[in-house]
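A.B. asks: Below are the structure tokens for one structure; questions will follow.
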Amino acid sequence: MAVVEGNRHPKENLQAGLKTRGLAAYTIRICANPKTFDPKYDRFLTQRLVDKAVDIHTLVWTANSIRTTTHERYMQRGQMQMDARHACDTMLCLIDMAKPVYHLRGDRAKYWSNLVREARTLIDGWMRSDYERYKDLPEGNGNQ
């Protein structure tokens, strides 16, 4: 049976993955612009921004690939989700540092920061959804 488009709720993990992929792609594109991001700061800040955005997406992708059939796997997935969430916080800090270093326009920094906040919010929702879905998984030795 078809679901009315307005009533569809895409899975949080898919939304988080799409958002973090977009964040990583955006970060790579803008950081590659030498007119905005002075190459003399690459090793100090620009590369860290790119690495953090890629880390966020990689953590979300890897967490999503874990088949959550045991409590141990649920915990592994949850740790990666939490690491991705913390990486979002770090990225917000790096963007804040980049504003004065690169003289970023306020609208660019705000847009970029909002991408990170949206990703973090989706990761939070995904974690809550996973908790509700897997809270009754029996704890055990993982050999189930």
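A.B. asks: Answer yes or no: is there a residue in the range 5-15 that is more than 23 Å from ARG133 (Cα to Cα) and at pLDDT 95 or above.
C.D. replies: Among the residues of the range 5-15, not one is more than 23 Å from ARG133 (Cα to Cα) and at pLDDT 95 or above, which makes the answer no.
A.B. asks: Any idea which of GLN81, GLN76 is touching a residue at least 40 places away in the same chain (Cβ under 8 Å), out of contact with any Gly (no Cβ under 7 Å at 6 or more places or on another chain) and not aliphatic (A, V, I, L, M)?
C.D. replies: Step by step, each of GLN81, GLN76 is checked, and only GLN81 is touching a residue at least 40 places away in the same chain (Cβ under 8 Å), out of contact with any Gly (no Cβ under 7 Å at 6 or more places or on another chain) and not aliphatic (A, V, I, L, M).
A.B. asks: Sort out which residues of the range 21-46 are assigned to a helix (DSSP H, G or I), at pLDDT 90 or above and surrounded by fewer than 13 Cβ atoms within 10 Å (Cβ to Cβ), and write them in order of number.
C.D. replies: ARG29, PHE44
A.B. asks: Additional query: Given the structure, is LEU115 under 12 Å from the mean Cα position of the chain (by Cα) and either hydrophobic (A, V, I, L, M, F, W, C) or closer than 24 Å to ARG21 by Cα (or both)?
C.D. replies: Numbers: under 12 Å from the mean Cα position of the chain (by Cα): yes; either hydrophobic (A, V, I, L, M, F, W, C) or closer than 24 Å to ARG21 by Cα (or both): yes.
Spelling it out, LEU115 is indeed under 12 Å from the mean Cα position of the chain (by Cα) and either hydrophobic (A, V, I, L, M, F, W, C) or closer than 24 Å to ARG21 by Cα (or both).
A.B. asks: A follow-up question, please. For the range 99-123, which positions are touching a residue at least 60 places away in the same chain (Cβ under 8 Å), part of a helix (DSSP H, G or I) and either among the aliphatic types (A, V, I, L, M) or touching a His at 6+ places or on another chain (Cβ under 7 Å) (or both)?
C.D. replies: VAL101, LEU115, VAL116, ALA119, LEU122, ILE123
A.B. asks: Moving on to the next point. Which condition from (1) modelled with pLDDT under 95; (2) within 19 Å of ARG21 (Cα to Cα); (3) among the aliphatic types (A, V, I, L, M) is the one that LEU137 breaks?
C.D. replies: Tallying (1) modelled with pLDDT under 95; (2) within 19 Å of ARG21 (Cα to Cα); (3) among the aliphatic types (A, V, I, L, M), LEU137 fails exactly one: (2).
A.B. asks: Continuing with the same structure: Quick check: is even one residue across the range 129-138 surrounded by fewer than 18 Cβ atoms within 10 Å (Cβ to Cβ), aliphatic (A, V, I, L, M) and more than 19 Å from GLN47 (Cβ to Cβ)?
C.D. replies: yes
The values are calculated or read from the model by the stated rules, or taken from the named source; none is laboratory data. Computed from a predicted model, the values in this text were never measured in an experiment. Quick reminder, even Gly has a Cβ in these numbers, built from the backbone with ideal geometry, and neighbours come from all protein chains shown.
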